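The values are calculated or read from the model by the stated rules, or taken from the named source; none is laboratory data. Here the structure is a predicted model, which means the values were calculated and not measured. Neighbour counts are summed over all protein chains in view; Cβ atoms, including those assigned to glycine, are modelled from backbone coordinates with ideal geometry. Remember, those area values only see protein heavy atoms, side chains included, never the ligands or the DNA or RNA. Shrake-Rupley method; radii C 1.70, N 1.55, O 1.52, S 1.80 Å.
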Amino acid sequence: MKTKVKKTTEKEFGGIFGTSALLILLPFIVLYLNIACSQDDCGLLNYTKLLSLDISQLIDCEAICIFIGWFFFQAFLHLLPTGTVVEGLPLNTGKKLKYRCNGFVSLLISIAAFGVLVYLKYPVEVVHDKFLQLAVASILFSFVLAVFVYIKSLSAPNWALAPSGNSGNVVYDFFMGHEMNPRIGSFDIKFFCELRPGLIGWVMLNVTFLYIDLSKNPEPNYGLYLSAAFQIWYVVDALWHEVRG
């Protein structure tokens, strides 16, 4: 039996105003901190750096290609017949969706792929040199993907909608997610994006920075090592226990 999803009446994150503000502020804060702070100079009121930038310093074709390539590389790894297939919680219809949990395998393959790139002398330093442009590329790609998922949700049946994102307000539902489990075939977009492109990408950023530091700096940078170790451990723990999540 299909249960009708009721209209969302209790709103989170400050309602329509709060979610509208977050959609603008979160990307802005990420970019502003990366622009205002560098290894030599950092100040939250250093807004002159932001004003001096032009669009060519933010949008870079190579950075966009790297990010899109990374996203679809992770999608390819996610589709491989590895890991464990588990069932999710019952839907309104009583049906249980199946999920392939192979995030840890994807992480290991990603690290191995990085080693291959280094062996082939690919300039992995580009990730460090174009970190800001990669951040911009990820924000733009995420927005386009979110718009696609929202438009897709408009044709979804009522039972497939998210109870927390069915208010009838476009901005609020866009922020919260209108469809509960947006899928293309068996490919669950929300499940995939929760761990793989972002968290595995987080590990690979740390691996890249460690490689650059170890290959170029004769003096050990223990602060970098410790910070990277904690961040990598956080992601490894999440991926190792993905089935239990």
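The table below gives the values:
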read-out: Selected from VAL116, GLY185, ASN169, residue furthest toward positive end of dipole (region 87-191; charges at beta carbon); value: GLY185
read-out: Relative packing of peptides 70-81, 197-208 - highest average C-beta neighbours within 10 Å first; value: 197-208, 70-81
read-out: Net charge dipole size for the chain [Lys, Arg +1 and Asp, Glu -1 on Cβ; Debye, nearest 20]; value: 1280
read-out: No Cys partner within the rule (Cβ under 4.7 Å), the chain; value: CYS61, CYS65, CYS101, CYS193
read-out: Restraint check, LYS11/LYS152; LYS6/LYS96; LYS4/LYS95; LYS11/LYS95, Cα-Cα greater than 19 Å; value: LYS11/LYS152; LYS6/LYS96; LYS11/LYS95
read-out: Ordering of 221-229, 37-45 by burial proxy (mean other Cβ atoms within 10 Å per residue, highest first); value: 221-229, 37-45
read-out: Solvent accessible area, Å² - LYS216, 1.4 Å probe, full protein context; value: 130
read-out: Relative contact order, percent, region 99-203 [alpha-carbon distance under 8 Å, six or more residues apart]; value: 23
read-out: With Cα atoms, 0 to 90° folded angle of helix 15-36 axis to the chain main axis; value: 10
read-out: Given (1) 22.8, 73; (2) 16.3, 43; (3) 20.4, 66, the label whose value is Rg and Dmax of the Cα atoms in Å derived from this model; value: (3)
